[in-house]
Amino acid sequence: MGPALLRALALGLWAVVLLQSSVDGRLDLLLRSAFHPLVSAAGGVLLVLALLQLLAALQRAGGGTVRRDGPVALLSAAIALGLIVLPPNPSFADLASQRPADETGQDTLSFVLPPAQRSLTDWVRLLRSQPDPQLFVGDPVRISGFVLPMADGPPQLARLLVRCCLADATPVGLPVRWPRDQAAPRADQWLAIEGQMAVTGVPGQERLEVVPSRIQPIPQPARPLEP
């Protein structure tokens, strides 16, 4: 197979990677939904380029000069094929442990939802903007997220915030008073928790934590990333 055909193959396989990820839900694990159309459009463009490259290669069959980019095109095609056969399945807990602290404390809340309607991210932003824990003691909580191990304490229930994709993801989490008579939840496990807010810690260093009345394992959401 000549270099031109290898380039056509590589472009075609990368087009398949982008188009397939646009329809099988894979992008929901990697990229905010607002950018999904760009991936689909890029896949279409690569497919057109692959067809043009293939036509040009067929027209030059039996002639032309040998190019040195054949091995590069072959390597690129192999990587694309690997992504098709073994699609990525990122560990949110591992990624969160490597990311810097979030900046949600700088967010300005335009309105506040009733306690039972607040997502985990809503709670984090609210507690950063109103740091007095006594204001929220006893409030009902209904949240979901993945289990994030903490180096300095029990695991938290967390979410990943993204502006674009996993490359800029930052974790946000809430402390949970896990039942002592149950095994510790495993990292990356998705849970839905119902309970209420309670204060823990010594005076002057108090913080809120979720006291669960019900903990339910759930499948990973179709769109686990939050803006």
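FYI, it's all coordinate maths here, none of it is from the lab. Bear in mind the structure is a predicted one, so any value in this text is a computation, not a measurement.
For segment 147-215 versus segment 1-49, the inter-centroid distance based on Cα atoms is 36 Å. Here the average projected area of the convex hull drawn through the C-alpha atoms of the chain stands at 16.0 nm².
When the chain is treated as a GNM with alpha-carbon contacts under 10 Å, the residue of Val202, Val176, Val210 showing the greatest mean-square fluctuation is Val202. What does the convex hull of the alpha-carbon atoms of segment 3-89 project to on average, in nm²? Projected over every direction and averaged, the Cα hull of segment 3-89 covers 5.8 nm².
The orientation-averaged projection of the convex hull spanning the C-alpha atoms of segment 101-227 amounts to 8.3 square nanometres.
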